[in-house]
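Participant: Got a structure for you, questions after.
The values are calculated or read from the model by the stated rules, or taken from the named source; none is laboratory data. In this text, all values refer to a predicted model and were calculated from it rather than measured experimentally. Using ideal geometry, Cβ is built from the backbone for each residue, glycine included, and neighbour counts are taken over all protein chains shown.
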Amino acid sequence: MIATRQEAALPEGLRTVDEALHRTRFRILPFLGPAFIACVAYIDPGNFATNIAGGSKFGYRLVWVIVVANLLAMLIQTLSAKLGIATGRNLPEVAREQFGRRATILLWLQAEAIAMATDLAEFLGAAIGFHLLFGFGLFPSAVLTGIAAFAILGLQRFGFRPLEAVIAVLVGVIGICYLAELTFAHPDYGAVLHHAVVPQFGSSEAVLLSVGILGATVMPHVIYLHSALTQDRLVPETDEDAQTLLRYTRIDVIIAMSIAGLINVSMLVMAASTFFQKGLLDVDSLEGAHKTLEPILGGASSALFALALLASGLSSSAVGTLSGQVVMQGFIKRQIPLMLRRLVTMVPAFVVIAIGIDPSRTLVISQVVLSFGIPFALVPLVYFTARRDIMGTLVNRRITTVAASVIAGVIIALNIFLLAQTAGI
């Protein structure tokens, strides 16, 4: 048996790994889903804002940042999912068990702050999507966003599969929209490929924006969430079952994160080939991008952009709310009704809209804030998954721990650099 999983009867409705393998025609299907929910956080409205800003200001130069960030995300999300499989607990729960009360409270407070920044970006993005697609004012659009978010979260009463299906459909909508956008934009694919593999900054502003892209890609709240999505979804009864489950989970992560990465690259490439190539270097807002696309590529292109943004905001907003619930329950053993949490986390977005703060600028700033939360989720994750007494047979290989530690160190160094730049040091 797995070292840390407690003996218990399976809750009603759950299936073992063996049942999942032998009771379905397509063996992979029961294992797909968690990574698709997690990948939504990697294509949220914050990504739209940072990728458009990067493409319009620096052309294809920062494509490599997205590629690297996506590869990092694959490793990080696999570790998170593996922790849930090995322990039957999520990352906040393991942190609560392993750390002292004071450290746990501090981790919870920063995680809640990050969750608020995340939800602000996602809710604002969906509201802007409604505004751009249908021409409603921002405040009525925010009300519609709230209604839609409640409806999506309400699917949980029917189980997790309907929610996973809706999220997957919304991810598909975003992907199709951007595939169509690229047919309008006619990018230089040779230049895209070159900048995908050749690292280049060129200015301190590009470094600042790269950190924002990193913050928008590697999301701390979804590091917590992914471990919760796998902790009791399918229960391995033996070490062999655990290895099998992890193998299929890696496939789930690779497929979902590859889709998210291609969508992110498409966002930046579209902005670079449309705005940067025509000398429009200051298109750094979602509204500006939508308005500029129409005369350049036509009305269909701007409508596709708005539809993709709406799908992104609605799906990621629901996922952000689920993450907040996991954080509170895991760190402090407290839980509030999911719909109440959704209602409370809507308030900052309504305040931003009501007092007239630029929503697109707020989105970019929120992504920089998010990058500061990554180490607080990533360092404990690497530490726990490297411990055999916690992970059992699924403990990290040494090379995995070294790679993840280097990643954490680089991210922390980038955040220190960003802080120095912001403070004018």
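Participant: If you check LEU144 against the conditions, is it more than 21 Å from the chain's Cα centre (by Cα), more than 23 Å from ILE223 (Cβ to Cβ) and free of Cβ contacts under 8 Å to residues at least 60 places away in the same chain? Walk me through it before giving the result.
Facilitator: Values: more than 21 Å from the chain's Cα centre (by Cα): yes; more than 23 Å from ILE223 (Cβ to Cβ): yes; free of Cβ contacts under 8 Å to residues at least 60 places away in the same chain: yes.
Answer is yes for this residue.
Participant: I've got another one for you. I'd like to know if the range 34-50 contains one or more residues that are over 29 Å from the mean Cα position of the chain (by Cα), in a helix (DSSP H, G or I) and either at pLDDT 80 or above or of a type outside the set (S, T, N, Q) (or both). Break it down into steps so the answer makes sense when it comes.
Facilitator: Start the filter on the range 34-50 by keeping residues that are over 29 Å from the mean Cα position of the chain (by Cα), which leaves none.
Looking for residues that are over 29 Å from the mean Cα position of the chain (by Cα), in a helix (DSSP H, G or I) and either at pLDDT 80 or above or of a type outside the set (S, T, N, Q) (or both), one finds none in the range 34-50, hence no.
Participant: Being outside any helix (DSSP H, G or I) and among the small types (Gly, Ala, Ser) narrows it down to one residue among GLY202, GLY154; which is it? So that I can check it myself, show each step before the final result.
Facilitator: Working: GLY154 fails: outside any helix (DSSP H, G or I).
Selected residue: GLY202, the only one of GLY202, GLY154 that is outside any helix (DSSP H, G or I) and among the small types (Gly, Ala, Ser).
Participant: Check off (1) surrounded by fewer than 19 Cβ atoms within 10 Å (Cβ to Cβ); (2) aliphatic (A, V, I, L, M); (3) touching a Leu at 6+ places or on another chain (Cβ under 6 Å) for ILE147 and give me the number that stays unchecked.
Facilitator: So the condition that ILE147 fails would be (3).
Participant: Further, regarding this structure: Among the acidic types (Asp, Glu), surrounded by fewer than 23 Cβ atoms within 10 Å (Cβ to Cβ) and touching a residue at least 24 places away in the same chain (Cβ under 8 Å): does that describe GLU97? Before the answer, list the steps.
Facilitator: Values: among the acidic types (Asp, Glu): yes; surrounded by fewer than 23 Cβ atoms within 10 Å (Cβ to Cβ): yes; touching a residue at least 24 places away in the same chain (Cβ under 8 Å): no.
In short, no.
Participant: Can you tell me which residue within the range 125-137, out of those that are of a type outside the set (Val, Ile, Thr), at pLDDT 85 or above and surrounded by 14 or more Cβ atoms within 10 Å (Cβ to Cβ), is farthest from ALA38 (Cα to Cα)?
Facilitator: Per the criteria, the residue is PHE136.
Participant: Regarding the range 87-99, can at least one residue be identified that is part of a helix (DSSP H, G or I) and under 18 Å from THR50 (Cα atoms)? Let's see the steps before the verdict.
Facilitator: Step one: filter the range 87-99 for residues part of a helix (DSSP H, G or I), giving 87, 91-98.
Going one step further and asking which of them are under 18 Å from THR50 (Cα atoms), we end up with none.
Checked the range 87-99: no residue is part of a helix (DSSP H, G or I) and under 18 Å from THR50 (Cα atoms).
Participant: Might you check whether a residue that is under 24 Å from LEU75 (Cα atoms) and either surrounded by 22 or more Cβ atoms within 10 Å (Cβ to Cβ) or at pLDDT 90 or above (or both) occurs anywhere in the range 340-353?
Facilitator: Taking the range 340-353 first, the residues under 24 Å from LEU75 (Cα atoms) are none.
No: the range 340-353 contains no residue that is under 24 Å from LEU75 (Cα atoms) and either surrounded by 22 or more Cβ atoms within 10 Å (Cβ to Cβ) or at pLDDT 90 or above (or both).
Participant: Further question on the same structure: Which of the following residues is under 20 Å from GLY320 (Cα atoms) and either part of a helix (DSSP H, G or I) or hydroxyl-bearing (Ser, Thr, Tyr) (or both): LEU133, LEU109? Talk me through it step by step, then tell me what you get.
Facilitator: Working: LEU133 fails: under 20 Å from GLY320 (Cα atoms).
None of the other options fit; the residue is LEU109.
Participant: If you check ASP232 against the conditions, is it not in a helix (DSSP H, G or I) and not hydrophobic (A, V, I, L, M, F, W, C)?
Facilitator: Working: not in a helix (DSSP H, G or I): yes; not hydrophobic (A, V, I, L, M, F, W, C): yes.
Considered against the rule, which asks whether it is not in a helix (DSSP H, G or I) and not hydrophobic (A, V, I, L, M, F, W, C), ASP232 comes out as yes.
Participant: So PHE31 fits all but one of (1) among the aromatic types (Phe, Trp, Tyr); (2) more than 29 Å from PHE275 (Cβ to Cβ); (3) touching a His at 6+ places or on another chain (Cβ under 8 Å); what number is the exception?
Facilitator: For PHE31, the failing item is (3).
Participant: Here are some residues: SER317, SER366. Which one is over 27 Å from ASP239 (Cβ atoms), touching a Lys or Arg at 6+ places or on another chain (Cβ under 9 Å) and among the small types (Gly, Ala, Ser)?
Facilitator: Details: SER366 fails: touching a Lys or Arg at 6+ places or on another chain (Cβ under 9 Å).
Being over 27 Å from ASP239 (Cβ atoms), touching a Lys or Arg at 6+ places or on another chain (Cβ under 9 Å) and among the small types (Gly, Ala, Ser) holds for just one of SER317, SER366, which is SER317.
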